[in-house]
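Engineer: Take this structure first; my questions come after.
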Amino acid sequence: MSDIATLEPQILHDISAASDEAALEAVRVAALGKSGSVSALLRTLGSMTPEERKSKGPLINGLKDRVTEAMTARREALKNATLDARLNTERVDVTLPLRDTPAEAGRIHPISQVIDELTTIFADMGLAVAEGPDIETDDLNFTKLNIPEGHPAREMHDTFFFNPKPDGSRLLLRTHTSPVQIRTMLSQKPPIRVIIPGRTYRVDSDQTHTPMFHQVEGLVIDKSSHLGHLKWILEEFCKAFFEVDQVKMRFRPSFFPFTEPSLEADIQCRKGKDEVRFGEGEDWLEILGCGMVHANVMRNCGLDPDEYQGFAWGMGIDRIAMLKYGMPDLRPFFEADVRWLSHYGFRPLDLPTLAGGLSS
């Protein structure tokens, strides 16, 4: 058994010296392979007498078991060392910040934000929101607004008309939100106090005009409404919307078929190279049109102009959004560029309030 006494230390030394799994496999083949040293000892058991086999068999099989266990342990150690080396070279920095959640990364479009601001301001004055369809009849979009067939004002609107019906009538995409004023006066009895934000459509496209844009109009009908009320509403709106303490406004005579008298409203400002500041300076900027509701419009809606009177105003939502938030071009409003929206958009949970600030 001197072979076992000298063979075992050599094999165990070779196992512990194996630097990788390939070297360990070579040691296994040399010891336990078909022609291996331990396998050669196992083959001698067949030529032994029963007495020799009884005494030497356990020694040879014990050597095989110890070599096998040593190889298993060394193989596991090599695997762990390989894994550690891989982890060190493929390390992930778990301290990197997480991606923003949708609520943090998402943005409210400036138009939606400004509509919320408008609604907040006018709701504080007691005005409700009225809505109507984008596709309108010629009667509601023009005729009942004192713009009959052949009226020159029809040519100013560059209207999108649908194909004529068999009776010759045509539907159209509304050119202003004024048809909702008509619908409101036809469906409600005075007093009426509403604002009408919504999409409108005209054949026009450049840096400050798009075929689809947004307007907000206001309508107040009562027995004692007058221009003084209108001027107060508009001044208070401008102070709240542009978030300034004082504004100066001037009203110039103008013409709209559906109001008489008709006025254009300018707001005092200071025009800089890249910005417009309101409530200061010596410049003036036209911001909206307004006036007293025309008597013919009242009659068209079944209201007696001798009993009721009212006023209305209208302005472009896109335009006042550009003025307030310093946007030089109207076209990106409708291009769905995520980079632009990330810059100009608003956080979803920053809801405008008069107490907390409209655009905080």
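The values are calculated or read from the model by the stated rules, or taken from the named source; none is laboratory data. Here the structure is a predicted model, which is why all the values come from computation and not from measurement. In this analysis, Cβ positions are derived from the backbone assuming ideal geometry, glycine residues included, and neighbour counts consider all displayed protein chains. Protein only, heavy atoms only, side chains kept; ligands, DNA and RNA dropped before computing areas. Shrake-Rupley method; radii C 1.70, N 1.55, O 1.52, S 1.80 Å.
Engineer: Among Ser35, Ser112, Ser224, which one shows the biggest mean-square fluctuation in a GNM of the chain, springs joining Cα atoms closer than 10 Å?
Structural biologist: Of Ser35, Ser112, Ser224, the most mobile in the Gaussian network model is Ser35.
Engineer: Starting at the first residue of the stretch 261-268, write each ³J(HN,Hα) from the Karplus equation 6.51 cos²θ - 1.76 cosθ + 1.60 with θ = phi - 60°, in whole Hz, x for Gly and Pro.
Structural biologist: x, 10, 9, 9, 10, 10, 10, 5
Engineer: Just grab the label-to-label distance for Asp20 and Arg299, each label 7 Å out from Cα along the Cβ direction, in nm (one decimal).
Structural biologist: Going from the Asp20 label point to the Arg299 one covers 10.2 nm.
Engineer: Taking just the alpha carbons, could you work out the radius of gyration and Dmax for the stretch 1-120, both in angstroms?
Structural biologist: 32.0, 108
Engineer: Calculate the spin-label point distance for Arg199 paired with Leu349, positioning each point 7 Å from the Cα along the beta-carbon direction, and give it in nanometres.
Structural biologist: 3.1
Engineer: Could you please state, rounded to a whole Å, how far the C-alpha centre of the stretch 112-131 is from the C-alpha centre of the stretch 138-200?
Structural biologist: Here the two parts' Cα centres lie 22 Å apart.
Engineer: A further question follows. Taking the Cα centre of the chain as the origin and placing charges on Cβ (Lys, Arg +1; Asp, Glu -1), which of Pro58, Thr210, Leu285 is farthest toward the positive end of the dipole?
Structural biologist: Result: Pro58.
Engineer: Let me ask you something else. Counting other Cβ atoms within 10 Å, keep those with at most 13, restrict to DSSP loop, and tell me which trypsin sites (Lys or Arg not before Pro) in the stretch 15-92 are left.
Structural biologist: Values: sites: Arg28, Lys34, Arg43, Arg53, Lys54, Lys56, Lys64, Arg66, Arg74, Arg75, Lys79, Arg86, Arg91; in loops: Lys34, Arg91.
Listed in order of number, the matching sites are Lys34, Arg91.
Engineer: Report, ordered by chain and residue number, the lysines lying within cross-link reach of Lys273, taken as a straight Cα distance under 17 Å and ignoring same-chain residues fewer than 8 apart.
Structural biologist: Candidates past the 8-residue exclusion: Lys324.
Engineer: Taking the Cα centre of the chain as origin, work out the dipole magnitude from +1 charges on Lys and Arg Cβ and -1 charges on Asp and Glu Cβ, in debye rounded to 20. Please report the intermediate quantities before stating the final value.
Structural biologist: On the way: 41 positive and 53 negative charges, 264 e Å.
Result for the chain is approximately 1260 debye, rounded to the nearest 20.
Engineer: Separate question: Could you tell me how many cubic angstrom of Cα convex hull volume the stretch 112-236 has per residue?
Structural biologist: Cα-based convex hull of the stretch 112-236, divided per residue, equals 138 Å³.
Engineer: Starting from the coordinates of the alpha-carbon atoms of the chain, obtain the Kirkwood hydrodynamic radius over all distinct pairs and give the value in Å to one decimal.
Structural biologist: Working: mean 1/r = 0.0366 Å⁻¹.
Taking every pair of different Cα atoms in the chain, averaging 1/r and inverting gives 27.3 Å.
Engineer: Let's test the formula: R0 of 22 Å, r as the Cβ-Cβ distance of Glu235 and Thr120. What FRET efficiency results, to the nearest 0.05?
Structural biologist: On the way: r = 17 Å, r/R0 = 0.78.
Efficiency, rounded to the nearest 0.05: 0.80.
Engineer: May I pose another question? Extension gain Leu87-Asp167, at 0.36 nm per residue separation less the Cα-Cα distance, in nm? Don't skip to the end; give the middle numbers.
Structural biologist: Values: separation 80, 0.36 × 80 = 28.80 nm, distance 7.93 nm.
Length gained between Leu87 and Asp167: 20.9 nm.
Engineer: Related question: Residue by residue through the stretch 9-24, what is 3J(HN,Hα) from phi via Karplus (6.51 cos²θ - 1.76 cosθ + 1.60, θ = phi - 60°)? Round to whole Hz and write x for glycine and proline.
Structural biologist: Each residue of the stretch 9-24 in turn: x, 5, 5, 5, 5, 5, 5, 5, 7, 4, 8, 8, 5, 5, 5, 5 Hz.
Engineer: Could you order Leu41, Leu172 by accessible surface area, starting with the largest, using a probe radius of 1.4 Å? Provide the component values of the computation, followed by the final result.
Structural biologist: Details: Leu41 25, Leu172 0 Å².
Putting Leu41, Leu172 in descending order of accessible area: Leu41, Leu172.
Engineer: I need the Kirkwood Rh of the stretch 264-346: take the reciprocal of the average 1/r across all distinct C-alpha pairs and report it in angstrom.
Structural biologist: Values: mean 1/r = 0.0631 Å⁻¹.
After inverting the mean inverse Cα-Cα distance, the result is 15.8 Å.
Engineer: To continue, here is another question. Once you have the Kirkwood Rh of the stretch 216-360 from its Cα pairs, apply Stokes-Einstein at 25 °C and 0.890 mPa s and quote D in µm²/s. Display every interim value, and only then the final one.
Structural biologist: Values: Rh = 17.2 Å.
The calculation lands on 143 µm²/s.
Engineer: Using a Förster radius of 22 Å, what is the FRET efficiency between Glu260 and Glu307 based on their Cβ-Cβ separation? Nearest 0.05, please.
Structural biologist: Details: r = 17 Å, r/R0 = 0.78.
Once the sixth-power term is evaluated, E becomes 0.80.
Engineer: Provide, as a two-decimal number, the C-alpha radius of gyration of the stretch 233-293 over 2.2 N^0.38 Å, N being how many residues it has.
Structural biologist: Numbers: Rg = 12.6 Å, N = 61, 2.2 N^0.38 = 10.5 Å.
Cα Rg divided by the expected 2.2 N^0.38 Å: 1.20.
Engineer: To the nearest 20 Debye, how big is the dipole of the stretch 88-135 about its Cα centre, given +1 on the beta carbon of each Lys and Arg and -1 on that of each Asp and Glu? Walk me through the numbers before you get to the answer.
Structural biologist: Details: 3 positive and 9 negative charges, 41 e Å.
For this selection, approximately 200 debye.
Engineer: Name the residue farthest towards the positive end of the dipole of the stretch 156-230 from the options Pro191, Ser169, Leu230, assuming +1 on Cβ of Lys and Arg, -1 on Cβ of Asp and Glu, about the Cα centre.
Structural biologist: Positive-most Cα among the choices belongs to Pro191.
Engineer: Have a look at His13, His214, His176 and tell me which one the Gaussian network model of the chain (Cα, springs below 10 Å) gives the largest fluctuation.
Structural biologist: Judging by the Gaussian network model, the answer is His13.
Engineer: Ok, one more. Got a number for carbon plus sulfur as a percent of the stretch 179-236's accessible area, 1.4 Å probe?
Structural biologist: On the way: 1310 of 2660 Å².
Looking at the stretch 179-236 in its full context, I get 49 percent from C and S.
Engineer: Which one of Ile115, Val129, Ala73 is farthest out on the positive end of the charge dipole of the stretch 66-145, using unit charges on Cβ (Lys, Arg +1; Asp, Glu -1) and the Cα centre as origin?
Structural biologist: Value computed over the given set: Ala73.
Engineer: What figure in square angstrom, to the nearest 10, would you give for the accessible area of Glu335 with a 1.4 Å probe?
Structural biologist: Using a 1.4 Å probe on the heavy atoms, I get roughly 110 Å².
Engineer: Over what distance in Å are the Cα centres of the stretch 15-57 and the stretch 262-296 separated?
Structural biologist: The stretch 15-57 and the stretch 262-296 have Cα centres spaced 102 Å from each other.
Engineer: Quick one: which of Lys56/Lys79; Lys34/Lys64; Lys144/Lys189 span more than 23 angstrom between C-alpha atoms?
Structural biologist: Going by Cα-Cα distance, Lys56/Lys79 fall outside the 23 Å limit.
Engineer: While we're here: Give the Rg/Rh ratio for the stretch 90-167, taking Rg as the radius of gyration of the Cα atoms and Rh as the Kirkwood radius, to two decimals.
Structural biologist: Values: Rg = 24.3 Å, Rh = 18.4 Å.
Checking Rg against Rh, the ratio lands at 1.32.
Engineer: Between Met327, Met71, Met315, which gets the highest mean-square fluctuation from a Gaussian network model of the chain, Cα cutoff 10 Å?
Structural biologist: Comparing Met327, Met71, Met315 in a Gaussian network model of the chain, the most mobile one is Met71.
Engineer: How are the alpha carbon pair distances in the stretch 1-72 distributed across 5 Å bins from zero to the largest one, expressed in percent?
Structural biologist: 3, 17, 28, 24, 14, 8, 4, 2, 0
Engineer: Can you give the charge dipole size of the stretch 56-200 about its Cα centre, rounded to the nearest 20 debye, using +1 on the beta carbon of Lys and Arg and -1 on the beta carbon of Asp and Glu? It would help to have the intermediate numbers written out before the result.
Structural biologist: Working: 19 positive and 20 negative charges, 216 e Å.
Roughly 1040 debye, rounded to the nearest 20.
Engineer: Let me ask something else. Points 7 angstrom from Cα along the Cβ direction at Arg75 and Glu155: gap in nanometres?
Structural biologist: Reported label-point gap for Arg75 and Glu155 is 9.6 nm.
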